[in-house]
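Colleague: Dumping the structure here so I can ask a few things about it.
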Amino acid sequence: MEIYNNILIFDTLESTNAHAFKIIEQQQTIEDFTVIATLNQTAGKGQRGNTWLSEPQKNCLFSIILNPVHIPANNQFILSQTISVAILQTIQNYCNRVHIKWPNDIYVGSKKIAGILIENIIMGSHISKSVIGVGLNCNQTEFETTLPNPTSLAIETNTTYDYLHVITEIVSRTKELYNKLSNNRLHIEQCYDNALYQKNIVAPYIDANGLFEATIIGVEPSGKLIVKDTNSQIRSYNFKEIEFVKT
C-alpha cells in the first residue's frame, strides 16, 4: 500500500467499496474523505449488480468514506447528486458534451465514461456511514465487446492522463461541494438537473407496461425520475422501474 495526497493506494483489490467496509468494521472512528484506490480491481461492483470491468493500471478506481450523519436517510439522494456533479465538473475540464445519466452514470455524448455505486449504513433516521465507489475510464482505449457503449478520457481527447491526479481532482471537487451542502443544496440539485442526459428530448423508455416515448423533465428530491410521455402524462419512477432504450 502507498499513500498519495491522503489516498490509500493498493496494487490490487477485489473491490474498493468492499475494502472500505472492512476498514469501517475495524475502526470506530474514520475521517471524512478517507479514500481507497486501486490499480487493479478484480471484482468491481456496479449498479444493478453488474460487474465493473477495468484494465489494470489504466483507470480511476476508488471509494470515498463519509460520515454524513447530518443527512436524513430520506434525503440520501443528495449524496448521489453531489458526487455526480463533482465528476461531471471534473470531466468537463477535459471533454465537452458531458451529461449525467440518471441516476448516476456519467456520459460523454452517448457513451459511458464513469459509474458510481453508493452504499449507505443507516442508523435510525440518518446515514451513519456512506461508501461512494467510483469507476472512471481514464487511459483505457480497448474494451470488452460485451460492454455496450464505453468511452474514456484517452479516447475522447487522444491524450493519456495521470489517473491519480484525476482522482485527486474529483475528491477535491466532491469535498468542496459536500462541505457547502447545508447552504448550497439547491445549487447542486440545479447543476445535476441541468446536466441530465436526454433531458427535454423525446426518447424511448421501457417500464412495467412496456415501451413508450417520453421526455425527461427533472428529478424529485427523493431521486425519482420525472418524465412526460407523448400524451402529456407526468410519470415518476424509482431506480430500476424505468429503462433507457438505446437508439
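No lab work stands behind these numbers, since they all come straight from the coordinates. The structure displayed is predicted, hence computed values, not measured ones. Counting neighbours? That spans all protein chains shown, and the Cβs are built from the backbone with ideal geometry, glycine included.
Colleague: With a cap of 14 neighbouring Cβ atoms within 10 Å, and only residues DSSP puts in a loop, list the trypsin sites (Lys or Arg not before Pro) found in segment 153-247.
Modeller: Lys180, Lys240, Lys246
Colleague: Shifting gears a bit: Say the dipole of the chain comes from +1 at the beta carbon of Lys and Arg and -1 at that of Asp and Glu; which of Gln89, Thr160, Asn200 then lies farthest toward its positive end?
Modeller: Asn200
Colleague: Moving on. Residue-wise, which Karplus ³J(HN,Hα) couplings in Hz belong to segment 86-101, taking 6.51 cos²θ - 1.76 cosθ + 1.60, θ = phi - 60°, and x for glycine or proline?
Modeller: With coefficients 6.51, -1.76 and 1.60, one gets 4, 5, 3, 5, 5, 5, 5, 5, 10, 10, 9, 6, 8, 9, 9, 8 Hz.
Colleague: Let me ask something else. With charges only on Cβ, +1 for K and R and -1 for D and E, what is the dipole size of segment 202-244 about its Cα centre, in debye, rounded to 20?
Modeller: 100 debye
Colleague: For the chain, what is the charge dipole size about the Cα centre, in debye to the nearest 20, if Lys and Arg each add +1 at the Cβ and Asp and Glu each add -1 at the Cβ?
Modeller: Roughly 500 debye for the chain.
Colleague: Compute the distance in nm between two label points, each set 7 Å from the Cα along the Cα-to-Cβ direction, one at Thr160 and one at Arg97.
Modeller: So the label points at Thr160 and Arg97 sit 2.6 nm apart.
Colleague: On a 21 Å Cα-Cα criterion, which of the cross-link pairs Lys22/Lys58; Lys180/Lys228; Lys129/Lys180 come out too long?
Modeller: Result: Lys22/Lys58; Lys180/Lys228 exceed 21 Å.
Colleague: Just tell me which lysines come within less than 22 Å, Cα to Cα, of Lys224; anything on the same chain fewer than 8 places away is out.
Modeller: Lys101, Lys112, Lys199, Lys240, Lys246
Colleague: Related question: Please compute P(r) over all alpha-carbon pairs of segment 202-244, binned at 10 Å starting from zero, and give each bin as a whole-number percent.
Modeller: 30, 62, 8
Colleague: Okay, next question. Contour minus end-to-end for Lys180 and Glu241, with contour as 0.36 nm per residue of separation and end-to-end as the Cα-Cα distance?
Modeller: 18.8 nm is the gain from fully extending Lys180 to Glu241.
Colleague: For Leu196, what residues show an amide H to amide H distance below 5 Å, using hydrogens built from the backbone and excluding near sequence neighbours?
Modeller: Under 5 Å from the amide H of Leu196: Ile100.
Colleague: Here's another thing I want to ask about it. Can you give the local net charge around Cys95? Use residues other than it whose beta-carbon is closer than 14 angstrom to its beta-carbon, Lys and Arg +1, Asp and Glu -1.
Modeller: Result for the local shell: +1.
Colleague: Direction-averaged shadow area of the convex hull around the Cα atoms of the chain, nm²?
Modeller: Taking the Cα atoms of the chain, their convex hull projects to 13.5 nm² on average.
Colleague: Given DSSP loops and a limit of at most 11 other Cβ atoms within 10 Å, what is the longest stretch of the chain that contains no such GluC sites (Glu not before Pro)?
Modeller: 32-141
Colleague: Now for a separate question. Take the alpha carbon atoms of segment 226-247, find their center, do the same for segment 127-190, and report the distance between the two centers in whole angstrom.
Modeller: 26 Å
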